[in-house]
1. Taking residue B:130, is it more than 18 Å from residue B:183 (Cα to Cα) and either at pLDDT 95 or above or acidic (Asp, Glu) (or both)?
2. Kindly check whether there is at least one residue in segment B:314-335 that is crowded, with 20+ Cβ neighbours inside 10 Å and either free of Cβ contacts under 8 Å to residues at least 12 places away in the same chain or among the small types (Gly, Ala, Ser) (or both).
3. Which one is nearest to the other protein chains (Cβ to nearest Cβ), of the residues in segment A:83-103 that are over 15 Å from residue A:148 (Cβ atoms) and crowded, with 19+ Cβ neighbours inside 10 Å?
4. Could we say that residue B:15 is in a loop (DSSP other than H, G, I, E, B), of a type outside the set (Ser, Thr, Tyr) and either at pLDDT below 85 or more than 21 Å from residue B:510 (Cβ to Cβ) (or both) here?
5. What is the number of the single condition among (1) more than 30 Å from residue B:47 (Cβ to Cβ); (2) more than 10 Å from chain B (Cβ to nearest Cβ); (3) assigned to a strand (DSSP E or B) that residue A:60 does not meet?
6. Which residues, counting only those in segment B:95-108, are touching a helix residue (DSSP H, G or I) at 6+ places or on another chain (Cβ under 9 Å) and of a type outside the set (Gly, Ala, Ser)?
7. Looking only at residues in segment B:264-281 that are modelled with pLDDT under 85 and not hydrophobic (A, V, I, L, M, F, W, C), which one is nearest to residue B:162 (Cα to Cα)?
8. Do we find that residue A:66 is under 20 Å from the mean Cα position of the chain (by Cα), crowded, with 20+ Cβ neighbours inside 10 Å and at the interface with chain B (Cβ under 7 Å from one of its Cβ atoms) in this structure?
Amino acid sequence: MATLLSYSAMAQTSFWTATETTFRGSRLSDIADTAYLLPWDLEALRMRETHHARQWWTDDEGHSVTAAQELKGDRDPWMGPAPAASAQPGEAPLRAAVPPAGIPLDQPLELGHGWTLTWSASIPQQTYAKGDSSIALTWAAAGNQWSVVAEERSFPRQTLNGLCMHDWSFTERSPLVGYGPKGAESRPTLSVQPNPRGRQELVLELVGHDGIWPSAVRCVDAQGRLTESQPPQGALPLRWNPVGLNSGRYIIQIQIGNQTYSVAFIQH
Amino acid sequence: MPSSSHRADSPAPIALVVGLILSLTLLLSWSAAAQPCSNPASLPAIEAAPAVRADFVPPTGSLRWSNKTATNGDRIVHFIHGLGGNADSWNLVAARTAAIGTPGYPAREVVYANPPTYLQTGSTLDAAMDIHGYLTATGGPLSALHAIDVEDNFMVAHSYGGVLSLLLDSLYDDPQTFTRQFGGIVAFGSAINGAYLAKALHPTGDNLAVAFVEEACRALSDPRLVAPQFPALRWIPGLDPLLRTSVDNACGLGSSFVPFALKKFNSPGMVELFPSAPLAQRLGKRTPSVPVVLAYGVEDEPVFWRTATSMYRSDSVGLALANDPFSMDGDGDLVTFATQQHDRYANQKAQALQRAANYRLAAWALSPTLLGSLIAEWQAVVAEREAAAADKAARWYRDANDSYKQLVGARVMQVNAEGYWCRCRDEYNAPTWYPVNDPADCFGDGDCLTFPIYEYQLVEKPSDGVVLAESAGILNGAVASVLMPSTNHQQMRNSSVTKSVLNRVMNGQIPGGAFFATPTR
């Protein structure tokens with residue numbers, strides 16, 4: 001039976017989490033242009049990949065906050081580790097209906113300074129555009145609600161020597177996992193198999209919610225002493241093989257944002 | 001005054017210049033307009049394989065000079081500065097070598113000679129001849145006064161000074177014209193096989209000094225950024241007027257942000273340091289006629305920010321250097337600054353994106369009133385633009401190091417074709433991308449398109465932040481190539497590693513370098 005260890009987590013009226021994978025880099029329309037690229041533009045063409053675990057929850061005062069923890073960054077080694085994430089106002093991007101009621105579909109709506117917003121119904125998508133600049137958010141069903149699953153941004157720019165480039169980024173978000181104030185979603189539970197366990201690999205799963213990337217996985221003994229831990233290894237479900245365990249009862253903990261999920265297993 | 005009356009009487013040149021400027025402006029405007037950013041970018045960003053580190057292995061030293069020793073008694077060590085330097089550059093080290101010493105660096109039996117300043121606005125031959133003039137006019141008589149054979153004297157030269165010393169050595173092979181003035185050379189960070197940076201910066205090369213600054217200004221001057229801070233990178237106080245004007249025009253920042261202010265970087269002599277130039281080709285392959293010890297620096301990452309820190313610090317000789325001329329070890333100030341600025345802008349980007357998300361949710365709540373909803377959506381776009389500006393600034397602080405290493409020749413990026421991306425998309429699902437070897441293999445649900453895949457091959461080479469190790473550390477017939485670890489081009493004149501190298505050289509501890517052995521006082 002999975003339990004939530006954190007008291008504050010238990011007290012929260014909502015908690016949602018998702019893993020964000022972002023690809024970014026500048027893009028050219030013609031690869032032949034690379035012959036004329038300046039050093040910094042050549043560097044900008046490198047595709048960078050980052051992973052973040054984002055959480056949304058209600059704080060002690062009932063405010064909606066969000067924080068993103070870096071799982072895999074694109075910092076150069078000389079920059080050291082990323083600063084710790086800090087919470088800021090923000091609620092989970094969950095909506096009961098997409099597109100919102102009353103919005104005209106498939107026609108650009110003027111926003112200002114030449115920017116338009118278009119809601120597309122066939123693929124639930126909202127697109128902001130001005131010339132070649134675009135910001136497109138794709139929505140998808142998440143349980144009985146809708147959430148943003150992809151964000152693509154493209155801003156054109158001209159290099160110093162006149163070439164046309166686009167600063168491009170594409171963010172994919174795993175389906176949101178968590179629970180809300182109305183109880184629409186049940187609290188996630190962590191499962192571990194096999195249990196009891198011999199020497200086999202453990203398969204860790206947040207039931208029904210693949211794709212979440214825990215920031216840490218730990219194994220503690222019955223007295224709460226840490227026996228083994230590992231840094232982020234990828235998205236759930238995860239396979240792990242804690243070694244050197246004596247027979248007894250142990251607890252697997254996975255950390256997702258400020259939440260700790262745990263489940264006990266027997267080592268025999 | 002004659003000059004002013006001349007100007008007043010001759011308005012034609014002024015009109016010509018104004019006309020030329022207007023023409024250039026029009027041409028630039030036309031050029032910009034001729035290639036508008038109107039075509040959507042179709043190629044995915046390029047993937048990069050892990051960088052290959054091409055470590056430098058110094059050649060085995062020559063024992064050819066093992067039996068050459070100096071005659072007993074005093075000698076003169078001529079300290080020769082590098083590009084942009086002057087007599088003060090080596091003065092403290094020269095003084096401590098001849099007298100007083102400093103902890104861990106005993107004074108030697110050396111007659112003090114004030115280091116020279118040489119001509120830097122001409123060719124390398126002009127500069128070498130100027131040094132030769134000093135050696136004959138000052139070094140010669142001083143040697144005679146102390147009964148020193150001039151060929152017992154040796155040169156300790158930094159950077160360009162080492163190139164000039166080797167050039168002089170080649171000139172001295174002609175005894176009809178020249179009388180040899182020294183018997184050995186210790187060269188610190190000298191681009192004897194050419195300097196990519198010289199080609200990258202020089203107006204007749206790639207002319208990228210101004211472009212580097214302009215790019216930084218474009219990234220860091222966006223009005224959407226919160227209180228932009230520019231790195232303090234004034235490499236040399238006497239900024240070249242041409243560069244200053246260009247930077248002022250581009251950024252309007254005056255001298256507060258001017259990397260590459262390598263004084264005289266555009267002097268004619270720099271052209272001769274292009275790796276492909278005849279001088280660099282010849283000097284690097286010539287066997288010197290005297291014992292030569294090469295010292296080459298290998299700086300740690302980030303090479304650019306560390307080198308810039310040392311360049312900035314050496315604007316003035318501070319109290320620390322006056323107390324100990326080998327105290328220029330720390331070079332992390334701008335590393336910390338660049339990391340902080342990157343994180344600051346990355347945080348601004350994250351906050352702006354979250355603000356955009358919040359505005360979108362507000363727009364949802366306001367959707368029954370279309371106008372209110374659209375105002376909130378517009379605020380989301382404004383926040384998105386701020387995030388894009390902050391992202392660009394953060395990327396500049398991260399990527400400046402890699403861009404700079406390309407200029408130095410320490411990072412080579414080659415683009416290779418690696419098959420095709422197949423992109424399929426129907427009206428219901430998000431697009432899928434997968435790689436194929438042949439465009440004919442690209443098919444699936446909906447419309448499919450192929451795009452060539454390109455991958456970067458990255459090769460990184462060790463450098464001191466200005467000169468590659470392979471340029472400063474290879475010379476046929478050299479006594480030794482001595483590594484100076486964690487040392488950048490500017491530090492190698494005044495760091496604790498410099499002290500160690502000079503001690504080893506003058507202790508006679510370099511195999512084959514007995515000539516340089518100089519007793520302590």
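1. Values: more than 18 Å from residue B:183 (Cα to Cα): yes; either at pLDDT 95 or above or acidic (Asp, Glu) (or both): yes.
Judged against the criteria, residue B:130 is a match.
2. We begin by selecting, within segment B:314-335, every residue crowded, with 20+ Cβ neighbours inside 10 Å; these are B:314, B:325-326, B:328, B:331, B:334-335.
Add one more test, that the residue is either free of Cβ contacts under 8 Å to residues at least 12 places away in the same chain or among the small types (Gly, Ala, Ser) (or both), and what stays is B:314.
So far as segment B:314-335 goes, yes, one or more of its residues are crowded, with 20+ Cβ neighbours inside 10 Å and either free of Cβ contacts under 8 Å to residues at least 12 places away in the same chain or among the small types (Gly, Ala, Ser) (or both).
3. Residues of segment A:83-103 over 15 Å from residue A:148 (Cβ atoms): A:83-89, A:101-103.
Still in the list and also crowded, with 19+ Cβ neighbours inside 10 Å: A:85, A:103.
Numbers: A:85: 9, A:103: 6 Å.
Only one residue fits best here, namely A:103.
4. Working: in a loop (DSSP other than H, G, I, E, B): no; of a type outside the set (Ser, Thr, Tyr): yes; either at pLDDT below 85 or more than 21 Å from residue B:510 (Cβ to Cβ) (or both): yes.
Judged against the criteria, residue B:15 is not a match.
5. (3)
6. Step one: list which residues in segment B:95-108 are touching a helix residue (DSSP H, G or I) at 6+ places or on another chain (Cβ under 9 Å), which gives B:97, B:102, B:104-108.
B:97, B:102, B:105, B:106, B:108 - these are the residues of segment B:95-108 that are touching a helix residue (DSSP H, G or I) at 6+ places or on another chain (Cβ under 9 Å) and of a type outside the set (Gly, Ala, Ser).
7. Applying the first criterion (modelled with pLDDT under 85) to segment B:264-281 yields B:264-270.
Now restrict to residues that are not hydrophobic (A, V, I, L, M, F, W, C): B:264, B:266-269.
Working: B:264: 17, B:266: 19, B:267: 17, B:268: 17, B:269: 14 Å.
For segment B:264-281, the residue satisfying everything is B:269.
8. Numbers: under 20 Å from the mean Cα position of the chain (by Cα): yes; crowded, with 20+ Cβ neighbours inside 10 Å: yes; at the interface with chain B (Cβ under 7 Å from one of its Cβ atoms): yes.
Taking the combined requirement at face value, the residue satisfies it.
The values are calculated or read from the model by the stated rules, or taken from the named source; none is laboratory data. All of these numbers come straight from a predicted model, not from anything done at the bench. All Cβ positions, glycine included, derive from the backbone under ideal geometry; neighbour counts span all protein chains shown.
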